[in-house]
Structures are given as C-alpha cells and as structure tokens.
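Worksheet for the structure shown next.
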Amino acid sequence: MVAVTEITASERDASHADAVTIPVDRLPELGGPVKMQTRDLKLWYSDKQALAGINLDVPERQVTAFIGPSGCGKTTFLKCLNRMNDTIEGVRIEGDVTLDGTDVYDRSVDPVQLRARVGMVFQKPNPFPKSIYDNVAYGPRIHGLATNRGDLDAIVESSLQRAGLWNEVKDRLGEMATGMSGGQQQRLCIARTIAVSPEVILMDEPCSALDPISTARVEELIDELRDNYTIVIVTHNLQQAARVSQLTAFFHLGRLIEVNDTAEVFQNPGESMTRDYITGRFG
Amino acid sequence: MKAGSGSFFWNVDIAVSLTFFTILLLGLACIGFFMGRRRATVLADTQSAALHSRPVYHGWYVALACGLPAVVIWITALVVGDQLIESTMIASLPQDIRDASGPVLNRFLADAETLAGGGQPTIEITPELEAAARRFGNLRTLEHWIGFAGALGLGLIGFGLAYRRLSVALRARQPVERALMVVLLLAAALSILTTVGIVFSVLFESIRFFSQVPIFEFLFGLQWSPQIALRSDQVGSSGAFGAVPLFVGTLMVTFIAMLVAAPIGLMSAVYLAEYAHPRFRAGAKPMLEILAGVPTVVYGFFAALVVAPALRDAGASIGLSVASESAVAAGSVMGIMIIPFVSSLADDALAAVPNSLRDASLGLGATQQETITRVVLPAALPGIVAGLLLAVSRAIGETMIVVMAAGLAANLTANPLEAVTTVTVQIVTLLVGDQEFDSAKTLAAFALGLVLFIITLGLNVVALRVVQKYREKVD
C-alpha cells in the first residue's frame, strides 16, 4: 500500500497495481441480516475492466454509502445490483450478485422483475413529462398493483407522503411534474420508486443536482426510509455519507479498498488510501 | 433577316458589357484591397504606432469604398435609364402608333427592342419599326455607356478618397463590419422578398380570376371542366370552374399516401431509434433517406407503369374493376415516397427523448415495450405529429406522381379505385403549352396555386407551433 499524497496518473497506476480489493474473509461483521451480496464481481466495458472482483455484503434496512474518486466504479457497481448495466452495449459481467440468496444474474431471473424489487433513483431528477399523479402511478399501473382507482389513489398518496412531498403537491397532482423545482422533482422520483414497493432502493448521487436545502430534505427522507427499505447510496459528498449511512464502502480504480461501519471509516480508517481520500489529499 | 439586321449590330451587347464591367470593377476592388492593406502595414511600420484596425480591414475599407458605390450607381443608371428610354421612344413614335390602344403600342415597342437585338419581330417590318429599332439601339448604348462611365468614375473617386484617408488611427473595422452586415441582411431580405413576390403575383392573378369566376362557384362548385369553348357547338366545353372534385381528389390521394407512409414510417422509426444496433442504424438511416432522393418523376413512372397495372390485374382477379389510372396507385406510391420523411422526422423526435427517461422507466421494472409505448412515444409525440403534418403538406403539393398515375379527368368520386385528379395535376395541365395569360383557364391555375399555398402554409404553421409547444414542455 502506497501512502498517496500528490497522486499523478502514473503513480495512480502504480498504486492501482498493488491496491487490493477486499477478500471475503476481511469483510466486516454485520449486526443484522444481509440483503444483497456480491462475490468476486468483475465487469468489463468492451475490453476495459471497470470492476476487479468486488466482495460486499449489503445489510438489510440500513443505508450503505459508496464513496471514492470519479471513475472508481461505484456507480457501475451500483448498477450491477439491479442489472441496469444490461442495457449498455459491450458490457460483460462475471461473479455473483445475490438478492436474499438468489443469484440475480441467473437465467431464470427476469431483470424486469428484479428492478421492481430493487428500485433506482438517478443522479439527475428525471420525472416523466406527465402529471405528478401519473409519475407516481406509472410503476403501480405497469405492475398491476392497484385494481381500481381508489387503490391507485391510495398508493400515490402514501408514496408521496413517505417522500415528504404530499403536502406540497396534494392540490396540484394534475400538473406537469417537469414544472416542479429540482428538489421536488428528485423527491418525486423517490416517491415514484417507493410506489412499486421495492425492497432495495439504489440511489446514484441523488443530491448532486440539488441545492443545500433540498439536499437536507432528501437526506432526512433517506433516514426515514431506512425503517422500511434497504438503501444503497453513491455519493461524492463525504459529509453526506457520514450523515446518512451506517456502512461505508470506499472504492478506488475498480477495487473495493475498505468497507466498515461509517463511524469507523471516517474516524479510524484502516487503509492509508482511505485516510488520504477522506482528508482530501486526493480524489 | 440576319443580313438585314446587320446594321443594328453595333449595339452594345448587354451581357458582354455587364461581364466586362463586373470584371473591371472586381479587379479595381482587388487592387484597392491589396494597396490598402500594404499601406496600413507601411504606415504602422514607419510611424511605429499601433494600428487601430488590423491591415486586412484597411484593405477591405478601400475595396468596399471602390466597389459598393459603383455597383449602386450602375444599377440606378439602368433602372432610371430604362424608364427614360421608354418615354423617349413613345414621344418619338409616329402619331398613329402613339394613339393606338395599349396592347398595340406595347407590342410595337417590344418588337422594336427585339429587332434592335437582332431577333425576329412578331409584326411585319415597316420603315417605322426599323427607325424605332435603330433609335432604341442608340438609346440603349448611350444608357450603358453613361452607367458604365459613372460607375467607373465613382469607383475611382471612392478608391482615391478611401486610400488617402488611411491612417494609423483610422477606425476601418467599424464601417467594414457594418457593410458586411448590410450585405448579409440583403441576402436574407432577397429570399424573403422573393417569397413575398411569388405570393403577391399568385394573389393578384387569383383576384383577376375571381373577377371572372365567382369565388363561391370556384370553392363549392362540383363541376370542373376548364376548357373554354372555341365554337358554341363544341362538346364538353362549358368552362366550369368548380374545384371541389380537385380538392376531393387531392385529399383522397393524400389520405391513401399517409395511410401507407404513417404506419410504416413510424414503425421503422421506432425500430431504428429503440431496438436497432447503433451500427445497423448508422447504415439503415441513410439508406432510408435515399428513398427521399429518388426523383419524383421516377416514382411517377413506377406508379404509372408498374403499380397501376399490377393493381388493375390484382383487382380483376378478385372481380374488382380498378381504373388503369387510379387514386390508389398514385396514393400508395406517393406514400412510399413519403416514408423517409415520416421515419426520419419521427426518428429524430424519438432520439431527442433523453435516455434518463428510458432509464427511469426501466429502473421501475417496466419492459422495453412498456417504456416505448408509455414514456418514449408520448414524450416524442409532438415531434412525431409535426413530422406527419409536414409529410401531409408534402403529399398535397406533390405533382409528378399524380400527373402520371392519378389521371386528368375531374371525377367527383369517393372510390379510390377510380381515376381522380388533383389540384397540382390541374395546374400542370392548365399551364402546359402556349397559353394566353388573361383567359380564365390560365388564371384558374393561379387560384388553385393560391389554395395549395394557403393549405400547405397552414399545415407548416401548425406543425411549427406544435414543435414549439413541445420544446416548452420538455424544458
């Protein structure tokens, strides 16, 4: 392990060579049950390897944060968890990803069904150019979760309530979602994801396009959602990782360098590279 | 006649003098450019001071000062000169011709001009005509020499003045850039003015038509037979101008064309934009667009010689009588021609839907088909509708295919298997060949053109509005 102070491209490549991804026997003990698990997960974009054998346990009903410099593979890894990489041309994946013990890459698993269980919130708010109501009702309609209008209304209301958006939009559910503020749009996207009743919610830098007040609201929301959902969040904001997550995983150049209780990672990092990153010496 | 008109050949040939003059003026401006540029450089060196404008602008400054006024004075001289020539000519004509009616006088003047140019006049050559032609030739020559000398003189004066004004502090860039802007403005204005000119000429001729045929009869009459009787006992020459059969025919052919083009175009666009491998799309899209590059006349004889007989035979085999020139033959081939319009515009609209929306839908557990029908197509719908409207206006204005394959007889029918005729076909048949430009028959073409113009303009405006609204929505 190299103590990296001022990292250049060649030095980074050098450190790349001897940085080691965490082996299974060094994964931390989790207090509760494991919701998702990856073993030796490797991914290539065409012939460029982006993930180098990741082992990770995602604890149920907790928030797991992925941190690391840009291009370290954390979003790529996140998208492996609900097979959103399937739609990208030239991607090849090896290794295991399990949800409640079932391999999600098994032939018998339909990615469409998987994504209903493992929902996703994207970096940039991406509401459909439809009404607020139709945005939230989109998933339940597709999956036939409501048999009549009353059921659907109830799902929409409870989803918006859980996303903390109900009071702001209850009188204008018919208005275009694209007319809302960025922060409202992102909470709408969260409500839309919740409406399908997923078990896991993946969030890819959900606050990077939001102002500080909207960010604080979304962070509160994540904290509340933890009671019912397993949440995995990718973030560039280290304070945010420290505030909202219970487990933190540090990625670098396609390797998982360190994973531990959030408090432990931030106060007493086990690897010098992690310490350098969280103290802002590179990244 | 050639030998006889030999004496008129000392006329200045307008084309030759114009070419010569243009080359001379361009050469002068070029010299001005290089001299101005060099002088600016020399001035900066000898006075070792910074130029306000770069040397290139000094060059342009001299070139423009030389060229622009010369061109303006040349054009003015020609315009004013032509007016003067005409009034002088009329004043010098013998009394009996001067007192003749307008058309006779105009024809006499036109023939004098033709004769002066060495051409063949339409009336018999009389001594009066020869004298007039000679006078016309003299005046024309004089006009050109005056315009030429004035322009050249002004060019030289502009050259000299501008060259003397060159100095280190001269703000040469500002006038040059302003002149450039004016030139660009003129270029833009020219295309707009041309359009306006066309619209007005069509409009005025239409008004002349409507003074002969009531507008109500034209718009709602059910009988179209524009042949004016030469003899009172001629058959089928009532001269009726009811355009409804043409409108119905146009609508039917357009409808059939859209029936072919809209589904095929949309489905191919969805395949290309949503399912096709990027490499396939890169190859297939230009191939589809080649369809749009096939000359319409080729589609026309394809429709007339291949599709129409095939349809007739197919119809006969199941006991239907299909006319050898039928709306369905013309419409279906036109539809094939329009497919690339629809698919290309729809493909653009689909490609403009951000991928984040597809991700959002897939991330919620929607299938690709659900994503396309529920998210991508609705988001692209305004663009698709606009594309369809543009395709409709293209179909309405299309001429060659219907001329060849739809027929000439103005049947008022709702049966697509019969021959129908369209607005464009009738315009063509009304204007083909030598025509008098003041008969109702010819003027009817302008009225039809006006209707066509209003319909396609309306469709284009609606399409543009739809696209604009769509932009607001997505932002």
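Just to confirm my filter: which helices (runs of 4 or more DSSP H) fall fully inside the stretch B:66-178 and include at least 2 residues that are closer than 21 Å to B:LEU25 by Cα and either without any contact (Cβ under 8 Å) to a residue 60 or more places away in the chain or more than 32 Å from the chain's Cα centre (by Cα) (or both)?
Result: B:127-165.
Are there any strands (runs of 3 or more DSSP E) wholly within the stretch A:45-161 with 2 or more residues that are among the hydrophobic types (A, V, I, L, M, F, W, C) and at the interface with chain B (Cβ under 9 Å from one of its Cβ atoms), and if so which?
A:118-121
Here is a yes/no grid of residues against (1) within 12 Å of chain A (Cβ to nearest Cβ); (2) in contact (Cβ under 8 Å) with a residue 60 or more places away in the chain; (3) crowded, with 22+ Cβ neighbours inside 10 Å; (4) closer than 24 Å to B:THR296 by Cα:
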{"position": "B:LEU320", "(1), (2), (3), (4)": "no, yes, no, no"}
{"position": "B:VAL328", "(1), (2), (3), (4)": "no, yes, yes, yes"}
{"position": "B:ILE338", "(1), (2), (3), (4)": "no, yes, yes, yes"}
{"position": "B:ASP359", "(1), (2), (3), (4)": "yes, no, no, no"}
{"position": "B:LEU364", "(1), (2), (3), (4)": "yes, no, yes, no"}
{"position": "B:MET400", "(1), (2), (3), (4)": "no, yes, no, yes"}
{"position": "B:VAL403", "(1), (2), (3), (4)": "no, yes, yes, yes"}
{"position": "B:ALA406", "(1), (2), (3), (4)": "no, yes, yes, yes"}
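Only one of (1) farther than 30 Å from B:LEU166 by Cα; (2) of a type in the set (Val, Ile, Thr); (3) surrounded by fewer than 17 Cβ atoms within 10 Å (Cβ to Cβ) fails for B:VAL72. Which number is that?
(1)
Going by the conditions given, is B:GLU289 closer than 23 Å to B:THR424 by Cβ and among the charged types (D, E, K, R)?
Values: closer than 23 Å to B:THR424 by Cβ: no; among the charged types (D, E, K, R): yes.
For B:GLU289, the condition - closer than 23 Å to B:THR424 by Cβ and among the charged types (D, E, K, R) - is not met.
Take A:ASP171 and tell me if it is of a type in the set (D, E, K, R), surrounded by fewer than 18 Cβ atoms within 10 Å (Cβ to Cβ) and part of a loop (DSSP other than H, G, I, E, B).
yes
Tell me the residue from B:LEU389, B:LEU464, B:LEU377 that is closer than 30 Å to B:LEU357 by Cβ, hydrophobic (A, V, I, L, M, F, W, C) and exposed (fewer than 15 other Cβ atoms within 10 Å of the Cβ), please.
Only one candidate passes the filter, namely B:LEU464.
Among the residues of the stretch B:307-318, count how many are in contact with a helix residue (DSSP H, G or I) (Cβ under 9 Å, 6 or more places away or on another chain) and without any contact (Cβ under 8 Å) to a residue 12 or more places away in the chain.
Going through the stretch B:307-318 one residue at a time, the tally reaches 1.
Among the residues of the stretch A:226-283 satisfying the criterion of being basic (Lys, Arg) and in contact with a strand residue (DSSP E or B) (Cβ under 6 Å, 6 or more places away or on another chain), which is farthest from A:ASP25 (Cα to Cα)?
A:ARG226
Tell me which residues, restricted to the stretch A:32-44, are more than 23 Å from A:PRO206 (Cβ to Cβ) and either among the hydroxyl-bearing types (Ser, Thr, Tyr) or not in a strand (DSSP E or B) (or both).
The answer is A:GLY32, A:PRO33.
Inside the stretch A:177-283, counting only helices (runs of 4 or more DSSP H) that do not spill past its ends, which hold 3 or more residues that are touching a Gly at 6+ places or on another chain (Cβ under 9 Å) and among the charged types (D, E, K, R)?
Those helices (runs of 4 or more DSSP H) span A:212-225.
For the stretch B:352-370, name all the residues that are assigned to a helix (DSSP H, G or I) and hydroxyl-bearing (Ser, Thr, Tyr).
B:SER356, B:SER361
Each reported figure results from applying straightforward, stated rules to the coordinates on display, with no laboratory input. These numbers come from a predicted model, not from an experiment. So basically every Cβ, Gly included, is an ideal-geometry build from the backbone, and we count neighbours across all protein chains shown.
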